[in-house]
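The values are calculated or read from the model by the stated rules, or taken from the named source; none is laboratory data. None of the values given here were measured: they were computed from a predicted structure. Ideal geometry is used to build each Cβ from the backbone, glycine not excepted, and the neighbour counts take in all protein chains shown. Only protein heavy atoms, including side chains, enter the accessible area calculation; ligands, DNA and RNA are left aside. Shrake-Rupley method; radii C 1.70, N 1.55, O 1.52, S 1.80 Å.
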Amino acid sequence: MKHLGLLHLVFVLILFQSPTMVAAAGYSAPLYNGGEWYDTEGNRINCHGGNIIKTDSLYYWYGEHRPGFDANYQKGVACYSSPDLVNWKNEGIVLATVDDTASVMQKGCTIERPKVVYCPKTKKYMLWFHHELKGQGYGAAHIAVAESKSPTGPFRFLYSQRVNPGKYPLNFDKKFKGHQWDAVHGEWWTAEWRKAVKEGMFAERDHKGGQMSRDMTIFVDDDGKAYHIYSSEENATLQIAELTKDYARHTGKYVRIFPTGQNEAPVVFKKDGKYWMICSGCTGWAPNEARMFSAENIMGEWTEYPTPFVGAGSKTTFDAQGTFPLAVDGEIYFFADEWRPKCLADSRYKCYPIEFDSTGKPVIKNVDIAPALNKTADGKKLVWSDEFNNDGPIDTLYWNFEKGFVRNHEPQWYQPENAYCKNGLLVLEARKESRTNPLFRKESKDWRLARQTYDYTSASVNTRGKKEFRYGTLEVRARIPVVSGAWPAIWTLGTKMPWPSNGEIDVMEFYRINGVPHILANAAWGKDTPNDAKWNSKKIPFEHFLEKDPEWASKFHIWRMDWDRDYLRIFLDDELLNEIALEDTFNGKIGNGSNPMHQSHYVLLDLALRGSLYHDEIPADALPMRYEIDYVRIYQ
């Protein structure tokens with residue numbers, strides 16, 4: 001925007017690591033916690049309750065295919081691959097349910113918590129999962145195993161059965177072997193019943209046929225030994241069972257921990273020689289407060305702790321249930337599902353970094369995006385964004401409002417109520433409203449005070465002093481008004497010196513030049529006299545875009561500025577509009593020869609109006625006029 005005698009707002013932009021976002025033209029999409037995650041073909045990822053492993057070149061994500069999107073039954077175990085944990089290719093169903101009604105894998109069976117681990121001894125990928133037989137609800141409580149020589153399958157089904165039939169836990173009190181408890185037929189959750197469960201009532205009941213296995217995980221230790229950790233004994237007790245060297249079966253060695261604790265969905269990891277396990281309670285699909293345990297020996301004694309989750313939402317584990325730990329670049333993340341039982345395929349994914357306090361205990365805080373899932377194809381990371389997902393006023397933690405008459409003798413009066421969030425969009429709305437200027441001063445030489453009334457209102461917001469950045473990528477997805485009189489803009493201003501020596505970057509402007517609509521991409525800096533700018537401006541006739549897409553005006557588009565030490569490059573839907581060499585952007589005398597394009601900038605979004613002063617009349621039927629912004633993102 002060409003600013004004539006403006007009141008300039010100044011702020012600094014040093015971007016914090018505070019993730020958020022979706023796919024952008026030319027850029028990978030960091031994955032929002034609780035958002036809709038899409039594969040490389042644009043379809044929703046359907047891969048729940050599983051785990052992610054890494055080969056030499058790719059990550060593989062396995063999980064439950066859940067009914068709701070493409071089928072009304074569970075197809076089997078899904079697999080996706082990714083080079084960066086952000087862009088996921090659908091590798092299909094690697095272990096499928098079948099039509100054969102004689103098979104335990106017939107359609108209608110239930111597959112939950114699938115976990116794949118690679119066995120170096122056999123060079124096979126081993127798939128373990130909680131398996132329920134068709135028509136039996138959760139009564140079977142089986143563990144099932146399949147194998148494959150390839151991470152993308154197909155996996156060969158091996159068996160489905162209970163765990164360690166005919167074997168007692170290593171920590172089972174011998175005096176209760178063969179014991180019969182009266183409480184087995186009594187009321188549950190009484191003191192007598194709890195005492196009996198702790199003594200081993202259910203473990204004894206299931207001794208011959210094998211232990212129940214429901215929510216489960218597989219943990220491979222540093223020494224290569226693998227363990228099956230699962231909710232057993234009617235979900236009342238956790239059990240930990242050692243696996244054979246080929247990871248295909250149990251050795252018969254297992255222990256019981258926390259009987260009557262009602263723990264499920266175990267997430268197990270190791271840090272500095274100590275084992276940690278985070279579980280949920282048993283409340284069906286509803287989220288609950290997580291609980292945490294630690295041990296020096298995985299088959300030894302475990303100690304219980306309160307939930308590691310802190311802050312708002314910690315009582316419900318941020319509305320999620322743990323699935324698996326994800327280790328990336330020396331960091332550990334807690335991966336979880338936010339279940340949506342009305343349509344399980346619509347359940348969402350969440351991933352939180354696990355921090356460790358001064359005593360070494362895990363602490364998990366809420367974030368929008370985990371750093372591991374926040375990457376672009378060129379290695380940049382999203383450091384800040386606003387997705388405008390909450391209906392109502394814009395978030396003043398990030399944004400300021402401009403108020404009143406501000407610049408360029410424009411006719412609109414800026415006011416906060418013309419900026420609001422609705423349906424995931426920030427709306428800046430220009431309206432026809434005639435009112436008295438509350439700042440009116442008769443005979444004032446300041447045009448902002450000399451106007452007695454105003455006939456239009458609109459909104460202008462900026463991140464001055466709240467979100468500021470130097471270098472990186474600014475990306476905004478928006479739908480702009482293109483009617484006569486409209487002057488929407490996406491721009492930045494430097495934080496030091498008055499305009500234009502502070503530097504201005506116009507990522508987008510739209511207005512009419514001699515009656516012809518144009519889209520502009522500009523930059524300005526100071527010369528030798530006050531308020532005198534040197535411009536590098538590209539003015540592209542709007543017709544250029546309409547020729548490519550006659551429906552252009554009805555659609556959202558992505559404006560992007562790439563900014564480094566040498567250049568500013570401004571793009572619209574990946575088309576380069578302007579390239580500005582920063583060796584040319586030095587100020588004149590007023591700016592002391594400094595280069596404002598090497599200082600921090602802040603972001604402005606506004607919907608100005610042109611009006612009669614610019615010979616760009618505002619039709620009555622053009623109002624209310626809406627400028628809609630889907631998101632603002634900054635990468636570095």
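Averaging Cα coordinates gives a centre for segment 330-353 and one for segment 469-547; these two points are 41 Å apart.
L576 to S612: extension gain in nm, 0.36 nm per residue of separation minus the Cα-Cα distance?
9.7 nm
Shown are K149, K466, K342, whose ranking by accessible area with a 1.4 Å probe and every protein chain present, most to least, is K342, K149, K466. Three principal axis extents describe the C-alpha atoms of the chain; from largest down they are 102, 48, 47 Å.
Compute the FRET efficiency between N390 and T190 as 1/(1 + (r/R0)^6), taking r as their Cβ-Cβ distance and R0 = 56 Å, and round to the nearest 0.05. Rounded to the nearest 0.05, the efficiency is 0.75. Distance between the pseudo-spin-label points of E355 and D182 (7 Å out from Cα toward the beta carbon): 5.4 nm. Counted by Cβ distance under 14 Å from V461, the other residues give a net charge of -3, where Lys and Arg count +1 and Asp and Glu count -1. As a ratio to 2.2 N^0.38 Å, the alpha-carbon radius of gyration computed for segment 211-262 takes the value 1.11.
How much length, in nm to one decimal, is gained on full extension between V516 and D223, taken as 0.36 nm per residue of separation minus their Cα-Cα distance?
98.3 nm
Note on segment 423-483: semi-axes of the ellipsoid equivalent to its C-alpha gyration tensor, largest first and rounded to whole Å, are 32, 19, 10.
Between amide H atoms placed 1.01 Å from N, distances below 5 Å from S347 occur with R340, all of them 5 or more places distant or on a separate chain. Modelled this way, with points 7 Å down the Cα-to-C-beta line, the labels at D532 and S434 are 4.2 nm from one another.
Taking a label point 7 Å from the Cα of K555 along the Cα→Cβ vector, which residues of segment 469-487 have an amide N closer than 19 Å to it? Only 476-483 fall inside the zone, counting backbone N under 19 Å.
Applying the Karplus relation 6.51 cos²θ - 1.76 cosθ + 1.60 with θ = phi - 60° to segment 291-302 yields 3J(HN,Hα) values of 10, 10, 9, 9, 7, 8, 10, 4, 9, x, 7, 10 Hz, where x marks Gly and Pro. Among the GluC sites (Glu not before Pro) in segment 431-540, those placed in a DSSP loop whose Cβ has at most 14 other Cβ atoms within 10 Å are E443. With Cα atoms defining each centre, segment 605-636 and segment 187-254 are spaced 64 Å apart in the structure. Computed from label points 7 Å out along Cα-Cβ, the spacing between A71 and S103 is 1.1 nm.
Taking amide H as placed 1.01 Å from N in the peptide plane, the amide H of S460 sits under 5 Å from that of E402, Q415, each at least 5 places away or on another chain. Taking 15 Å as the straight-line reach from the Cα of K208, the aspartates and glutamates in range (excluding those fewer than 8 positions away in the same chain) are E233.
Here is the size of segment 138-251 from its Cα atoms: Rg then Dmax, 15.9, 50 Å.
How much net charge surrounds A419 when only the other residues with a Cβ under 14 Å from the Cβ of A419 are counted, with Lys and Arg +1 and Asp and Glu -1?
Here the charged neighbours net out to -4.
When the Cα positions of A226, A78, T55 are compared along the charge dipole of the chain, A226 comes out farthest toward the positive end, with charges on each C-beta of Lys, Arg, Asp and Glu.
For the pair N171 and E301 in one chain, pulling the backbone fully straight at 0.36 nm per residue adds 45.8 nm over the alpha carbon distance.
Over the C-alpha trace of segment 373-452, radius of gyration and Dmax come out as 18.2, 59 angstrom. For the set K538, K121, K115, the ranking by accessible area, highest first and with no ligand, DNA or RNA atoms included, is K121, K538, K115 under a 1.4 Å probe.
Its relative contact order, with pairs defined as Cα atoms under 8 Å and 6+ residues apart, puts segment 24-85 at 24 percent.
With N as its number of residues, segment 306-448 has a Cα radius of gyration that, divided by 2.2 N^0.38 Å, comes to 1.59.
Around G485, under 9 Å between beta carbons, what's the net of Lys plus Arg minus Asp minus Glu among the other residues? Neighbourhood net charge equals 0.
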